[in-house]
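All remarks here apply to the structure that follows.
The values are calculated or read from the model by the stated rules, or taken from the named source; none is laboratory data. Please read all numbers here as calculations on a predicted model, not as lab measurements. For neighbour counting, all protein chains shown are included, and Cβ atoms are generated from backbone atoms with ideal geometry for every residue, glycine included. Quick note on the areas: whole protein, heavy atoms, side chains included, nothing else; ligands and nucleic acids left out. Shrake-Rupley method; radii C 1.70, N 1.55, O 1.52, S 1.80 Å.
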Amino acid sequence: MFGNDKMAKIFIGVAWPYANGTIHLGHMAGSILPPDIFNRYNRMKGNEVMMVSGSDQHGTPITVTAEKERTSPMDIAERFHEINKKAIEDMRIEFSLFTKTHTENHTETVHDIFRVLSEKDLLYEKETMQYFCPKCSRFLPDRYVEGVCPKCGAENTRSDQCDACGTTFETGDLKEAVCVHCGTPPEIRGTNHFFLRLSSFTDDLLDYLKDKTYWRSNVETFTSNWLKDGLKDRPITRDMSWGIPVPAEGWDDKVIYVWFEAVVGYLSASKEYSALIGEPGLWRQYWYDGDVRHYYFLGKDNIPFHSIIWPSMLMGYGPLNLPYDIPANEYLMFRGGKLSKSRGGSIDIPSVLQKYDADVVRYYLSAVMPDTHDSDFSWEDFQVKVNNDLVSALGNFYHRCLSFTKRNFNSVPDALDGTELAEVTAEIRRTMEEYETYMNGCDFKKALKAVMDLSRYGNRYFDSKKPWALVKEDKDKCGEAMNASLQIVKALAAMAWPFMPDSSERIWKFLGLERTPLDEGMGSCTVPLQVGTELPEPVPVYAKVELPKEEPEKKVETPAENTAVTGPFADMRRLDIRTAEVLEVTEHPDAEKLYVLKIDAGEERQLVAGLRAHYTKEELTGRKILVVCNLKHAKLRGVMSQGMLLAADDEELGGNTVAVLRPSKDVPNGTRFTCGLDIIGKEMEYKDFQKAVIRISSTASGQTAVVKDGTEAIDLSDGNGCIAVVDRQLKDGAKVR
């Protein structure tokens with residue numbers, strides 16, 4: 001329901017994971033867990049939801065893996081479909097249907113769309129130039145060709161699209177291209193293909209996008225950049241043998257391009273689900289009823305396929321419902337380095353679930369969800385957030401309320417005149433309003449924070465009533481306070497259910513409730529508990545996690561010039577951080593969020609920084625800043641950046657502030673911030689910078705940047721009394737990026 005009491009229908013499409021490997025935490029946090037949270041929430045609200053996805057079993061990722069394992073694409077596709085389907089179920093993800101693309105139903109649906117678009121002259125045949133490997137004697141699909149992005153300079157870029165900057169390529173655009181199978185530079189030869197007249201949809205797309213002001217900024221940016229560059233017709237067939245055959249005579253050596261047929265899976269899966277439940281016409285309600293909202297959850301690399309290409313296909317085939325919202329996530333980063341398997345380092349879902357409960361993993365991934373920018377994953381942070389937040393705040397409140405009430409009252413005590421209950425119900429209603437605003441907007445990280453804040457309120461309320469003393473002085477008044485506390489427990493279990501269903505259902509039963517949070521619905525948060533209901537004996541639903549100790553690695557002798565930096569603060573010692581002055585600020589010519597800065601860091605440099613939403617040009621011009629000077633130079637949206645400005649943000653802590661770091665004193669431009677350490681500042685990749693842990697902390701000098709190494713911490717400084725500070729108030733613990 002959206003602002004009224006009318007039951008709504010919701011369609012949720014989830015990006016189809018390739019069946020060429022086991023899904024991992026990045027897949028789960030990026031595109032699989034978020035729609036499940038949204039699905040569960042809407043069902044609790046009373047909405048009818050159809051949520052579909054499945055294994056993408058065609059395309060080059062499958063054939064690449066099959067060639068490596070010297071087996072058939074079918075074997076790979078079926079094997080990983082079963083592995084991933086079970087992993088998804090074990091994570092308590094509830095699809096209406098999780099199917100696969102190698103089915104008769106999907107093939108028929110793809111062929112139907114192909115024929116309709118062809119009849120409307122939206123498909124046409126054309127010779128195109130493709131990469132051809134003379135050594136392998138075959139045309140090369142996009143994943144069989146890698147090289148350097150001509151726009152941003154990213155290496156190991158596929159020949160169809162750059163994951164770093166989102167640029168798509170025509171054959172021949174990629175620099176230094178090689179065949180990934182044999183390393184041979186490919187030739188470019190002509191071959192016939194069917195093309196989609198994507199360019200003919202420009203006006204319709206612009207009209208469709210007019211009211212999409214609520215889309216996330218990354219979706220808006222990707223989409224507007226595609227339109228700004230001008231839409232180009234795209235081939236929908238390719239030279240392969242594995243995939244859906246082309247429904248036309250003389251095309252036996254080609255198949256339907258996976259980008260075209262995979263998105264059709266949303267429609268074919270809807271038909272398959274409807275048939276499975278004995279309502280073959282149900283899918284039409286979700287695709288033809290204009291009141292049904294369609295949501296698509298995916299990673300940022302899939303944005304244009306869902307915001308431009310899929311809507312164009314639907315317009316051409318339809319009229320069918322177009323995407324209402326596309327809550328695309330950024331990437332979950334793994335700190336740029338190897339994860340130790342001995343400390344739970346295997347990040348595939350089956351391995352993780354061998355060690356940790358699904359609800360605990362769901363909680364952590366929700367707390368660090370990469371919704372608006374890339375977020376970092378580490379096992380140490382996993383341990384801290386689970387132990388300090390989930391266990392000590394939410395779990396502690398659950399158990400202390402339930403166990404105290406069971407021990408002293410055995411059942412739900414009387415609320416007396418309802419004064420205490422009214423007080424906590426007001427706080428529950430306030431939290432629910434905040435929570436529902438975030439959930440309706442697919443802002444799940446903030447919705448979870450609202451839940452955790454209510455648990456902290458509950459702990460403060462419990463402590464303020466001192467029930468351990470009150471029960472001896474006035475048992476009835478104590479019972480009144482515990483009735484109110486149990487109401488908070490109930491509200492928390494209901495609001496936490498979309499995030500952590502198993503533990504929430506257990507808490508529900510400890511309250512003596514026979515049905516489930518889903519059965520009772522979101523409105524049950526403020527429905528008083530039945531006085532006198534007997535309470536079962538509770539047990540804690542969350543336990544602290546411990547990480548296995550790091551296994552010592554064998555020392556490998558390397559040449560002196562390649563010796564890794566070791567010892568305390570090794571990651572900091574890799575950074576060549578210098579003071580600089582901003583000389584000039586201009587808008588990036590091709591990116592709405594970026595500035596181009598001319599700086600003096602002892603030498604003139606140019607930086608590209610994503611600060612346009614946070615600082616005006618006037619606020620930055622003439623400002624002293626701190627810059628990492630030994631990052632490998634890179635083009636960002638076509639403009640070279642010769643370093644990285646240091647700034648901090650507290651979004652992962654629930655804030656919304658970005659602050660640029662500056663030196664606390666007026667020191668010469670180019671002054672190195674070494675922290676008094678022996679700095680070995682060789683050229684490094686961005687992933688190496690991410691290994692250094694720098695946080696914002698309140699000190700007598702204001703909010704300063706602190707470098708951490710395990711339990712040790714030192715000020716980020718020049719070693720002579722000049723430290724790194726910020727002049728905008730952040731939440732302590734804000735991360736320097």
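The figures follow:
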read-out	value
Local net charge near Asp325, Cβ-Cβ under 10 Å (Lys/Arg +1, Asp/Glu -1)	+3
Projected label distance in nm at Lys355 and Asp229, using a 7 Å step from Cα toward the beta-carbon	3.9
For segment 380-525, alpha-carbon Rg over 2.2 N^0.38 Å	1.03
Furthest towards positive pole of dipole, Thr237, Val582, Gly316, structure part the chain, Cβ charges	Val582
Whether segment 260-313 is rounded, prolate or oblate, judged on the alpha carbon gyration tensor where a/c under 1.5 counts as rounded	prolate
Listed pairs Lys210/Lys617; Lys446/Lys687; Lys445/Lys731; Lys635/Lys731; Lys68/Lys300 exceeding 20 Å between Cα atoms	Lys210/Lys617; Lys446/Lys687; Lys635/Lys731; Lys68/Lys300
Heavy-atom accessible area per residue - the chain, 1.4 Å, Å²	42
Net charge dipole size for the chain [Lys, Arg +1 and Asp, Glu -1 on Cβ; Debye, nearest 20]	1180
Reciprocal mean inverse distance between Cα atoms of segment 243-382 - Kirkwood radius, Å	18.5
At 0.890 mPa s and 25 °C, Stokes diffusion of segment 97-143 via Kirkwood alpha-carbon radius, µm² per second	176
Positive-end residue, segment 357-505 charge dipole about Cα centroid, Cβ charges, pick of Pro370, Ala358, Leu486	Leu486
Alpha carbon convex hull of the chain, projected area averaged over orientations, nm²	35.4
Rh (Kirkwood; distinct C-alpha pairs) - segment 66-218, Å	19.3
Mean ellipticity per residue at 222 nm, deg cm²/dmol - from DSSP H runs of n ≥ 4 across the chain, formula -39500 (n - 2.57)	-10000 deg cm²/dmol
Local electrostatic count, Met313, Cβ distance below 15 Å [Lys/Arg +1, Asp/Glu -1]	-2
Leading residue at positive end of dipole, segment 603-711 (Cβ point charges), from Ala609, Leu677, Gln690	Ala609
For the chain, share of DSSP beta bridges that run antiparallel, in % to the nearest 5	75
Projected label distance in nm at Tyr324 and Thr71, using a 7 Å step from Cα toward the beta-carbon	4.2
Dipole magnitude (debye, nearest 20) for segment 24-88, charges at Cβ of Lys, Arg, Asp, Glu	280
Net charge of Cβ neighbours under 14 Å - reference Thr516; Lys, Arg +1; Asp, Glu -1	+1
Shape of segment 157-206, Cα gyration tensor, a/c cut at 1.5	oblate
Per principal axis, descending, Cα span of segment 1-127 in whole Å	53, 42, 23
Volume of the Cα convex hull of segment 470-519, divided per residue and given in Å³	74
Across the chain: Cys residues that no other cysteine approaches within a C-beta distance under 4.7 Å	Cys182, Cys401, Cys442, Cys478, Cys525, Cys629, Cys675, Cys722
Kirkwood-Stokes translational diffusion coefficient of segment 628-732, alpha-carbon pairs, 20 °C, 1.002 mPa s, µm²/s	143
Longest segment of the chain lacking chymotrypsin sites (Phe, Trp or Tyr not before Pro) that sit in a DSSP loop with at most 12 other Cβ atoms within 10 Å	215-737
Estimated dipole of segment 8-131 in Debye, rounded to 20 [Cβ of Lys and Arg +1, of Asp and Glu -1, Cα centre]	540
Placed amide H near Cys179: partners under 5 Å, 5+ positions off or other chain	Thr184
